[in-house]
Structure formats: structure tokens, C-alpha cells
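**Student:** What follows is a structure written as C-alpha cells; I'll ask about it next.
The values are calculated or read from the model by the stated rules, or taken from the named source; none is laboratory data. Every value quoted in this text rests on a predicted model; they were computed, and no experiment measured them. Here Cβ is always computed from backbone atoms with ideal geometry, including for glycine, and neighbour counts include all displayed protein chains. Ligands, DNA and RNA are excluded from the accessible area calculation, which covers all protein heavy atoms including side chains. Shrake-Rupley method; radii C 1.70, N 1.55, O 1.52, S 1.80 Å.
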Amino acid sequence: ERPIGIQIFGSNAESMKEAARIIETDFHPDVIDINLGCPVKKVTKTGAGAALLKDLRKLEGIVKGVVSSVNIPVSAKIRLGWDKNNSIKVSKVLEDCGISFLIVHARRAKDGYNIKADWSVFERIKRNITIPLVANGDIEKPDDATYLLNEIGVDAIMIGRGAIGRPWVFGKMKDFIKYGRCSAEPTLHERIKVFLRQIELMEESIDEERTVRRIKKQISYYLKGIPETKNKTHEILTTKRLDKMVSLISGLISNTYIAGSRRLYPV
Ligand SMILES: Cc1cc2nc3c(=O)[nH]c(=O)nc-3n(C[C@H](O)[C@H](O)[C@H](O)COP(=O)(O)O)c2cc1C
């Protein structure tokens, strides 16, 4: 699947350069993204992630270093600032460092997820830079996408939580952007099929224990709003073995009551 990007975070310019070189050589992504937005303490206490938004000289050293150490495009993902919104200034600094595009999650680090993303800032950032701007934060519905792309004029959108347990959201958004209407909501059968495929892909890349943990985290998103699956969800969540879990999830499809229902469940 292309294009793919690999994100790195850190606070030491030399190790970031080294990491970028290793990634370019060993994994051949299309883009390397620098994480300048993570507000998690484990990350920021080392001076990385969103903490770099407080120290623009250090940020500049890291970003310039990474850009110059690889031959592929480098992007950066920021929040609006640490405790103050300095995103206009930061975006210009980043453009001058040579990044190829900028992703902005429209909240400050100190906001966590406690307030709504402030989309009003995208227009001002866009006016201030010439590289493409990717908008992020609380984008969930197809008309969020068309508003940001057509009315605000951002170049692309990024969806995070809105895609958990509903990876088809990208197809729906693309349809809406292209044709002005959405494809139908997936049926339960279709949802389970997608989840089973995701599980297969997880099994290919991570061990059983982590796959089980991720299934437990995601199942409630996949089955959200489908009351008929409630009892089974509990059984799945209390299972430790992957094969049992997969068979219980597959069983949701063959359950005659549920499979017989062609109701479309809102997501
Ligand atoms: C569980 C979880 C893990 C995340 N991990 C990362 C990460 O590794 N790097 C990153 O840049 N953002 C990360 N984010 C932030 C999202 O990429 C995104 O910026 C944020 O959730 C806002 O977008 P949304 O409202 O579409 O979810 C993470 C978010 C969540 C919920």
C-alpha cells in the first residue's frame, strides 16, 4: 500500500537524523513525519513531541537536520502550541526548515482532548505558508471534510479517532467529496468482515498477545450502536485466546437473528 509515512519523535538532533537515515534505507517510506504534537507526558518530559513547540531553536535544529539527512520528503505534525497558540510562527519556521507539508492538529498541547478543535486557525496558517496544509482534529463527518477542503481551503484532511472501528470512513468521505453523496452505511455483516480482515493484518505484523489486546480495544467501536451484539461482546472481551476470539467474532455473522437483519446501523 502506497504512499506510506513513518513518524519519528525525539529531542536529540543527531539521533533524529540517524533514525531518519535508517528508516529511509531500511523501510523505504514515501515520507518521514516528525512528531511535534504529542502531548503525552512520557514523551514531552524528554523534550520531544509538543514540548518542542516551546523551544523553536531546538525544533529548527532537529527539523533542518532530518530534512538534510534524507532524500525523501519530510513532513511535520504539530499541535497549535504548548500552552499558547504559536502555530502561525511555528508553521513558518517549519516551512523555512524545508518540510514538504504540514499537519496541524487544531488544539494546544495543554488542551488534551478537552475542548473542541479550533478550525478557525487553518485559514490563517494557510495564508502564511506555501507548502500544503493538512487539517486534523475532530473531523468525523463527510461535510466536515468538504467544509475544510472547499471553504477553508486546506489541502488535505487527516482523520484519527473517527476511523477507529470504521476504516470505511475514508471511502465514504472520498465519495462525498467526489460525488456529493455517501455510499450506504455498512451492514453488520460488512463491518465484521472488515474487522476480521483487520485482525488478519494484525496477525501478520504483531504477536498474538498484542493482537488480542488491540481487538479488545477496538471491538466496541466496530459494534457501536448494535444492541443485538451486546452479550457476545462481553464474551469476546473475556476471552484470552485469539482463535476463540476470531470464532466468536465470525459467529456474529452467522447468528441468524443478526445476519437476517438488513438494518443499517448508523455510525
Ligand atoms: C490512541 C491514539 C494514539 C495516537 N498516536 C499518535 C501518534 O503516534 N502520532 C501522532 O502524531 N498523533 C497521534 N495521535 C493523535 C492523532 O493523530 C490526532 O492528531 C488526534 O487524535 C486528533 O485527531 P482526531 O480528532 O481525528 O482523532 C494519537 C491519537 C490517539 C487517540
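**Student:** Can you work out the FRET efficiency for the pair Asp207 and Asp26, with r the C-beta to C-beta distance and R0 = 22 Å, to the nearest 0.05?
**Tutor:** For Asp207 and Asp26, the calculated efficiency is 0.60.
**Student:** What nm distance separates the two modelled labels at Val194 and Ser254, each placed 7 Å from Cα along Cα→Cβ?
**Tutor:** 2.4
**Student:** So what is the accessible area of the chain per residue, in Å², with the probe set to 1.4 Å?
**Tutor:** 54
**Student:** Output needed: percent of Cα pairs per 10 Å distance bin for region 11-64, bins running from 0 to the one holding the longest distance.
**Tutor:** Result returned by the calculation: 25, 50, 25, 1.
**Student:** With just the Cα atoms defining each centre, how far is region 112-150 from region 10-44? Give it in Å.
**Tutor:** Here the answer is 24 Å between Cα centres.
**Student:** Springs between alpha-carbon atoms under 10 Å, Gaussian network over the chain: tell me which of Thr211, Thr130, Thr238 tops the mean-square fluctuations.
**Tutor:** Looking only at Thr211, Thr130, Thr238, the largest GNM fluctuation is found for Thr238.
**Student:** Please identify, among Ile88, Ile157, Ile115, the residue showing maximal mean-square fluctuation in a Gaussian network model of the chain using a 10 angstrom Cα cutoff.
**Tutor:** Checking each option, the largest mean-square fluctuation is seen for Ile115.
**Student:** Calculate for the chain the 222 nm mean residue ellipticity that helices alone would give, adding -39,500 (n - 2.57) per DSSP H run of length 4 or more and normalising by residue count, nearest 500 deg cm²/dmol.
**Tutor:** Helices in the chain give a 222 nm mean residue ellipticity of -14500 deg cm²/dmol.
**Student:** Extending each Cα 7 Å along its Cβ direction at Lys42 and Arg124, get the distance between those two points in nm, one decimal.
**Tutor:** 3.4
**Student:** In addition: Can you give me the long-range amide H partners of Ser11? Hydrogens built in the peptide plane at 1.01 Å from N, cutoff under 5 Å, separation of 5 or more residues or another chain.
**Tutor:** The answer is none.
**Student:** Which percent of the accessible heavy-atom area of the chain goes to carbon and sulfur, probe 1.4 angstrom? Before the final figure, lay out the partial values.
**Tutor:** Values: 7600 of 14520 Å².
On the chain, the fraction of accessible area on carbon and sulfur atoms equals 52 percent.
**Student:** So for the chain, taking the charge dipole from beta-carbon charges (+1 Lys/Arg, -1 Asp/Glu), which of Ile88, Ile72, Ile129 sits furthest toward the positive end?
**Tutor:** Going by the Cα projections, it comes out as Ile88.
**Student:** Can I ask one more? In nm, what is the difference between 0.36 nm times the number of residues separating Asn12 and Asn150 and their Cα-Cα distance?
**Tutor:** So the chain would gain 45.8 nm between Asn12 and Asn150.
**Student:** Work the Kirkwood hydrodynamic radius out for region 188-260: mean of 1/r over every pair of different alpha-carbon atoms, inverted, in Å.
**Tutor:** Result for region 188-260 stands at 12.3 Å.
**Student:** Beyond a 25 Å Cα-Cα separation, which of these cross-linked pairs lie in this structure: Lys41/Lys77; Lys41/Lys174; Lys172/Lys193; Lys84/Lys126; Lys17/Lys58; Lys126/Lys174? Mind showing how you got there, number by number?
**Tutor:** Details: Lys41/Lys77 17 Å; Lys41/Lys174 35 Å; Lys172/Lys193 17 Å; Lys84/Lys126 19 Å; Lys17/Lys58 14 Å; Lys126/Lys174 22 Å.
Flagged as over cut-off: Lys41/Lys174.
**Student:** Hey, what's the Kirkwood Rh for the chain if you take every pair of different alpha carbons, in angstrom?
**Tutor:** 20.5
**Student:** Compactness ratio of region 5-138: Cα Rg over 2.2 N^0.38 Å, N = residue count? Each step should come with its number before you reach the end.
**Tutor:** On the way: Rg = 13.8 Å, N = 134, 2.2 N^0.38 = 14.1 Å.
Region 5-138 yields a ratio of 0.97.
**Student:** With everything on Cα atoms, drop me the angle between helix 13-27 and the longest principal axis of the chain, reported from 0 to 90° to the nearest 10.
**Tutor:** The angle comes out at about 50 degrees.
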